[in-house]
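The values are calculated or read from the model by the stated rules, or taken from the named source; none is laboratory data. Just so it is clear, the structure is predicted and the values come from calculations on it, not from any experiment. Counting neighbours? That spans all protein chains shown, and the Cβs are built from the backbone with ideal geometry, glycine included. Only protein heavy atoms, including side chains, enter the accessible area calculation; ligands, DNA and RNA are left aside. Shrake-Rupley method; radii C 1.70, N 1.55, O 1.52, S 1.80 Å.
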Amino acid sequence: QLLWMPDNRRPYPRYAGDGESTIHFVTTDAHPQHYPANVYHGFIRGGQVHASDGTVVGPLSEEAETDIEPSDLTLLFEATDERMGWTSDIRLDAEGHPYVGYIVTHDYDLEAREGGDDRRYHYARWDGEAWRDYAIAHGGTKLYHGEFHYAGLITLHPDDPDQVFISTDVDPDSGVPLDSGHHEIFHGLTDDGGASWTWTPITADSEADNIRPIATSGEDGGAVVWLRGRYTTYRDYSLEALAIPWTAGEAQ
């Protein structure tokens, strides 16, 4: 058991391991539909749960219960009743430091459970001493009514922390709706650690939504994979998987 959650809350964690001794994770402390969802980071090493700076929070439980709460970890994003966080991706750089992509919904009314048509993608990177966190792109509208925080998602390149891919139905910089009216895939590139980004469309003028990209790597290079089609609800969809080759550090 990793975390103890009050009030039947559900954490939404994402994990990234170094293949040797350490597993990093980011997590919310709730579903953002029902509670102000904060985003936290921690890591597991030697049977202990740690905050970002290495402070030991407590032992990784071998039982069905634990005293560790998300608030014992390092806070990445603090939510309000109108602004909710949700995890999307986490990777480790060459030094073993985590970098994170997550989503913030800006206009959600928690009490009325209405709104949720303004999402922003955030990029956070641990430099060994502190988190550097930036709002980097407009994420567009929700995928469907009823799940106000469902976004097209942001994914991080596993071999290059200076590259991300996002799905959005608005211009990443301005937030102006795209001509296609659909979610499109964009590639993001930074040369200053995440403070500023250049966006290049991977898809354009689509007749269906392009959502949930994933960046992969391997000995023969990597790829960007995403879903295209209809996504009415998480139980009602008709989607195909598409992919294009994409190798970090090379011109595309």
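Viscosity 0.890 mPa s, temperature 25 °C: what is the translational diffusion coefficient of the range 123-252 from Stokes-Einstein with a Kirkwood Rh over Cα pairs, rounded to a whole number of µm²/s?
It comes out at roughly 160 µm²/s.
If you take the square roots of the eigenvalues of the alpha-carbon gyration tensor of the range 1-140 and sort them as a ≥ b ≥ c, do you get rounded (a/c under 1.5), prolate (a/b over b/c) or oblate?
Oblate.
Show me the three semi-axes of the equivalent ellipsoid for the range 1-42, from the C-alpha gyration tensor (sqrt of 5 times each eigenvalue), largest first, rounded to whole Å.
Computed over the range 1-42, the values are 23, 10, 7 Å.
In the neighborhood of L2, defined by Cβ-to-Cβ distances under 15 Å, what is the net charge if each Lys or Arg adds +1 and each Asp or Glu adds -1?
For residues surrounding L2, the net value is -3.
Can you give me the Cα centroid spacing of the range 152-193 and the range 51-88 in angstrom?
27
With the other protein chains left in place, how much accessible area per residue, in square angstrom, belongs to the range 1-84 at a 1.4 angstrom probe?
Computed with neighbouring chains in place, this is 52 Å² per residue.
Please work out whether the range 185-231 counts as rounded, prolate or oblate from its C-alpha gyration tensor, where a ≥ b ≥ c are the square roots of the eigenvalues and a/c under 1.5 means rounded, while otherwise a/b larger than b/c means prolate and anything else oblate?
oblate
Probe radius 1.4 Å, ligands and nucleic acids ignored: give me the carbon and sulfur share of the accessible area of the range 1-127 as a rounded percent.
Ligands and nucleic acids excluded, carbon and sulfur give 42 percent.
What Kirkwood hydrodynamic radius do you get for the chain when you take the inverse of the mean 1/r over all pairs of distinct Cα atoms, in Å?
For the chain, inverting the mean 1/r across all distinct Cα pairs yields 18.7 Å.
Note down the net charge around R212, summing +1 for each Lys or Arg and -1 for each Asp or Glu among other residues with Cβ under 13 Å from its Cβ.
Here the count lands on -3.
Ignoring GluC sites (Glu not before Pro) that are buried or in helix or strand per DSSP, and keeping those with at most 15 other beta carbon atoms within 10 Å, what is the longest stretch of the chain between them?
Result, exposed sites excluded: 130-206.
Test of understanding: given the chain, find the longest segment containing no trypsin sites (Lys or Arg not before Pro) that are in a DSSP loop and have at most 12 other Cβ atoms within 10 Å.
Counting only loop sites that pass the neighbour cut-off, the longest clear stretch is 114-234.
Let me see the pair-distance distribution of the range 145-185: every alpha carbon pair, 5 Å bin width, integer percents in order.
6, 20, 22, 24, 17, 8, 3, 0
Near Q33, within a Cβ-to-Cβ distance under 15 Å, what is the net charge of the other residues, with Lys and Arg +1 and Asp and Glu -1?
Net local charge, Q33 excluded: -4.
Can you tell me which of G146, G218, G175 moves the most in a GNM of the chain? Springs connect C-alpha atoms under 10 Å apart.
Among G146, G218, G175, the largest mean-square fluctuation in the Gaussian network model of the chain belongs to G218.
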